[in-house]
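Quick notes on the structure that follows.
Computed from the coordinates by the stated procedures, all read-outs in this text should not be read as laboratory data. Note that the structure is predicted; figures quoted are calculated from it, not measured. We place every Cβ from the backbone using ideal geometry, glycine too, and count neighbours over all the protein chains shown.
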Amino acid sequence: MTTADFLLQNCQLVDVTTRTILKKDIGIKNGCFTFDASEAIETIDLDGALVAPGLIDAHMHVESTMLPPSGFCNLALPHGTTSVVLDPHEIANVLGIPGIKLIMDDAKELPMDCFFAASSCVPASPLETSGATLLADDLEPLFDDNRVIALAEMMNFPGVIHDDPEVHKKIQMGLRYGKVDGHCPGLRGKDLLKYIASGISSDHESTTAEEAQEKLDAGLQIYIREGSAARNLEALLPIVTPENAHKICFCTDDRHPADLKNEGHIDHIIRKAITLGLDPVLAICIATKNPADHYALHNLGAIEEGKYANFIIFNNLHQFHVKQTWHRGVLVAENDAMKSICTSNTNWKAAINSVHLPKQIDETSFSIKAQGETIRVIELNQGQLITNELHLPASIKDGYYVADTSRDILKMAVIERHHNTGNIGLGFVHGFAFSGGAIASTVGHDAHNIAVVGDCDSDMELAAQTLSPEGGLCVVAHGEIKAYLPLPIAGLMSNEDATQVIQKQHAVLQAVRSMGCPIDDPFMPLSFLPLSVIPTLKLTDLGLVNVDTFAIVPISVCHA
């Protein structure tokens, strides 16, 4: 018998291997679990509280929190997250490999285990202009760091299916070092089977139970995503059974800071899943053991002899609320607060002032000459990343297409901001339902060009100008800047305290609501409207993209 550093007594251990709850003392020595200890330097009586493994997010882009990993930790650790698998493809699309290394450097020595997936699709497709292009030879050196455990989501599913040599070179590289993550929204039948046959192991893009079940039956690990933009838990939970639950993980993909603070992280998904009827122990297994097993993270995911002492303490299975979070045997968060705030020591100089507008941009840059009486309009689907393509009568003034707020048809622009190409993609969108101004963001997946939506060309131009050179989110109404959240790190993140970022985010959202927008956070759907790998109709700096045909299409349905 050994003497432990800590001995947790009178606790209920959630055993995720047997899916049972055991009354068992838990020892912690040198940051790992031990059950070979009868005494300890410090004994803690938990008085019947529950102890479970630390929670794991199987797939996330930390840039979506508008904070680097050091800032993200301050929001996520109090909610019980002790490990994440990060795909830094947002900053990679802006700065390439140097951007990825900045994120990885910032994640060192944090009280959270940050693993990485090497960004597979930079750019996401050839139908946009990103800040960098990464080939397999560029990515392979990243695997020298043992925190890089996978090739990140292979979004270029047409490239897989049609045997693009570079795409398959990346997949083979990923398989040499670990897993290859997938991204195949709506992919079914023979194309799905060919995608899986390439070696891809997971998918987080299902939006219906039928789609997810087909992918599950074909062998994919299904990540049920419940983030800030895409909320798929309610639709997909019916596929989960005790027999197949080992093939399910939880992920957030993208999570805004206010949602992290107010709703939570993976703990929020567990609570919602329990409310929807999932067995609480099964929900905890999905959030802990399953991602650890999938990625072969042998030291994580369960409370077992020799594994890292990452765990949470809570009082009620059915009202899941994390009271304490421990990382490698150290209490790091308690009662919704950090024990010690994490700060960034990273030199972000190379990521500052990354937003470059075309030299000749003015309000005429947003004019769209009418070329027919029917136009293509992007239609938002609330809570989903998939959009619809509408064909609607155009509103025309003086020979130009214009916004029509009476029908909730706003103008949209995507402005290339990396290479001074002067590219501006123009189109129309239905679903924002505001009037009297414009909103703009440099968070525009995945190339992160400037995305602008509004009903007035001059307001759209001012909103875009406001974001140069730092980037961020802004709201303009009637020629006046109403709110601005700077994101100086690659136009994606801020190194300010999370509380300050959330306050500025709140001000921006309030300003949009004052223009009549009914969406809780319209910047989330805005950020995905330029993403040319999720159906159906999107807008990049090169123009309107029909994702189903992977082609640029004109605004006018009957192009003159």
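Quick check on region 352-553: take the gyration tensor over C-alpha atoms, sort the square-rooted eigenvalues as a ≥ b ≥ c, and tell me if it's rounded (a/c under 1.5), prolate or oblate. Write out the running numbers ahead of the final one.
Working: a/c = 1.42, a/b = 1.36, b/c = 1.05.
It is rounded, given that a/c, with a ≥ b ≥ c, falls under 1.5.
So how do 488-497, 290-299 stack up, highest first, on mean other-Cβ count within 10 Å?
Details: 488-497: 24.6, 290-299: 19.7.
Averaged packing, sorted descending, gives the order 488-497, 290-299.
Of ASN262, GLY277, CYS251, which is farthest on the positive side of the dipole of region 247-291, counting Cα position, with +1 on Lys and Arg Cβ, -1 on Asp and Glu Cβ, and the Cα centre as origin?
The Cα lying farthest towards the positive end belongs to GLY277.
Could you tally the net charge around MET460, taking each other residue with its Cβ under 10 Å from the Cβ of MET460, Lys/Arg +1 and Asp/Glu -1?
Taking every other residue near MET460 into account, the sum is -4.
Of the labelled options (i) 30.5; (ii) 27.3; (iii) 24.4, which one gives mean projected area of the Cα convex hull in nm² as computed for this structure?
So the structure-derived entry is (iii).
Which value, in debye to the nearest 20, gives the size of the charge dipole of the chain about its Cα centre, when Lys and Arg are +1 and Asp and Glu are -1 at the Cβ?
Values: 39 positive and 70 negative charges, 20 e Å.
Here the chain has a charge dipole of around 100 debye.
In nm, to one decimal, how far is the VAL330 label point from the THR17 one, both placed 7 Å along Cα→Cβ?
Those two pseudo-labels are separated by 2.7 nm.
Beyond a 30 Å Cα-Cα separation, which of these cross-linked pairs lie in this structure: LYS179/LYS339; LYS24/LYS215; LYS170/LYS215; LYS24/LYS261; LYS29/LYS101; LYS359/LYS411? Kindly include the intermediate steps, with their values, before the conclusion.
Details: LYS179/LYS339 35 Å; LYS24/LYS215 39 Å; LYS170/LYS215 22 Å; LYS24/LYS261 32 Å; LYS29/LYS101 32 Å; LYS359/LYS411 22 Å.
From the list (LYS179/LYS339; LYS24/LYS215; LYS170/LYS215; LYS24/LYS261; LYS29/LYS101; LYS359/LYS411), the Cα-Cα distance tops 30 Å for LYS179/LYS339; LYS24/LYS215; LYS24/LYS261; LYS29/LYS101.
How much FRET efficiency would the formula 1/(1 + (r/R0)^6) give for GLN360 and ILE552, where r is the Cβ-Cβ distance and R0 is 30 Å, rounded to 0.05?
On the way: r = 23 Å, r/R0 = 0.75.
Efficiency for this residue pair is about 0.85.
Round to a whole angstrom and tell me the spacing of the C-alpha centers of region 125-198 and region 50-112.
Centre-to-centre (Cα) distance: 21 Å.
If I take R0 = 41 Å and measure r between the Cβ atoms of GLN319 and GLU379 in this structure, what FRET efficiency does the formula 1/(1 + (r/R0)^6) give, to the nearest 0.05?
Working from the Cβ atoms, E equals 0.60.
So what is the relative contact order for the chain, in percent, with contacts set as C-alpha pairs under 8 Å and at least six apart?
Over the chain, the number comes to 16 percent.
Rounded to the nearest 0.05, what FRET efficiency do THR2 and GLU109 have when you use their Cβ-Cβ distance and R0 = 30 Å?
Values: r = 27 Å, r/R0 = 0.91.
Efficiency for this residue pair is about 0.65.
Below 8 Å between Cα atoms, with a sequence gap of 6+, how large is the relative contact order for region 352-553 in percent?
Details: 506 pairs, mean separation 45.8, N = 202.
In percent, rounded to a whole number, it is 23.
Got a sec? Charge dipole of region 1-138, +1 on Cβ for Lys and Arg, -1 for Asp and Glu; which of VAL16, THR2, ALA92 is way out at the positive end?
Checking the options against the dipole of region 1-138, the answer is VAL16.
What length, rounded to one decimal in nm, is gained on full extension from ALA350 through to GLU210, with 0.36 nm per residue of separation minus their alpha-carbon distance? Write down the numbers at each step before the final one.
On the way: separation 140, 0.36 × 140 = 50.40 nm, distance 4.53 nm.
Net length gain for the segment: 45.9 nm.
I need GLU166, GLU140 ordered by Cβ neighbour count within 10 Å, fewest first. Don't skip to the end; give the middle numbers.
Working: GLU166 12, GLU140 17.
In increasing order of surrounding Cβ atoms, one gets GLU166, GLU140.
Would you mind calculating the gained length between GLN465 and THR133 on full extension (0.36 nm times residue separation, minus the Cα-Cα distance), in nm to one decimal? Show your work: numbers first, answer last.
Details: separation 332, 0.36 × 332 = 119.52 nm, distance 2.61 nm.
Going from the current span to full extension adds 116.9 nm.
Using only Cα atoms, tell me the angle between helix 498-513 and the longest principal axis of the chain; keep it within 0 to 90° and round to the nearest 10.
40
Which order do GLU305, GLU211, GLU243 fall in if you start with the one that has the fewest other Cβ atoms within 10 Å? Write out the running numbers ahead of the final one.
Numbers: GLU305 11, GLU211 22, GLU243 7.
In increasing order of surrounding Cβ atoms, one gets GLU243, GLU305, GLU211.
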